[in-house]
1. Among the residues that make up the stretch 53-62, is at least one of them within 15 Å of the ligand (Cβ to nearest atom), among the aromatic types (F, W, Y) and modelled with pLDDT of 90 or more?
2. Would you pick out the residues in the stretch 1-52 that are open to solvent by 80 Å² or more (accessible area, probe 1.4 Å), over 30 Å from R74 (Cβ atoms) and either modelled with pLDDT of 95 or more or touching a strand residue (DSSP E or B) at 6+ places or on another chain (Cβ under 7 Å) (or both)?
3. Give the stretch 10-40 a look and list any residue that's within 14 Å of the ligand (Cβ to nearest atom) and either under 19 Å from Y60 (Cα atoms) or in contact (Cβ under 8 Å) with a residue 60 or more places away in the chain (or both), or say none.
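The values are calculated or read from the model by the stated rules, or taken from the named source; none is laboratory data. Here the structure is a predicted model, which is why all the values come from computation and not from measurement. Cβ atoms come from the backbone with ideal geometry, glycine included; neighbour counts cover every protein chain shown. The accessibility values were calculated without ligands, DNA or RNA, using every heavy atom of the protein model including side chains. Shrake-Rupley method; radii C 1.70, N 1.55, O 1.52, S 1.80 Å.
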Amino acid sequence: MKKSTTKTASSLKIYCDIFGHKYEMTKKVTSHVKEYTCKCCKRQLTTSGNGKLTELTPKYQEINTLLSDIYTRRMSRLKQKTITSSIC
Ligand SMILES: [Zn+2]
C-alpha cells in the first residue's frame, strides 16, 4: 500500500492551477445535468441545481444517481406512451 500516486496527482493539480483543467464530459445524468472529469487531475464536476458547475461531492453523486434513475424511467415511460399511441 504505497501512496506513490499522490505525488503525481498533486503535481498535475499544479499544472491545472496554471493552465486550467481539461474537463471532459464523462456522464450524462439528465438533459441538463452532466458530470465532467478533468483529464489531468481527475477532478470531477457536476451541474448543480442552479445550472452552475460544482465539485462532484459524494452528496451530489447520490443526487445524480437518483436524478438519472428518475430521468431514465421518465424517458422509458415516454417511449412506451409513444409506442402505445402509435398502435392505437
Ligand atoms: Zn485538472
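1. Checked against the condition, which is being within 15 Å of the ligand (Cβ to nearest atom), among the aromatic types (F, W, Y) and modelled with pLDDT of 90 or more, the stretch 53-62 yields no hits at all.
2. K22, K39
3. Y23, E24, T26, Y36, T37, C38
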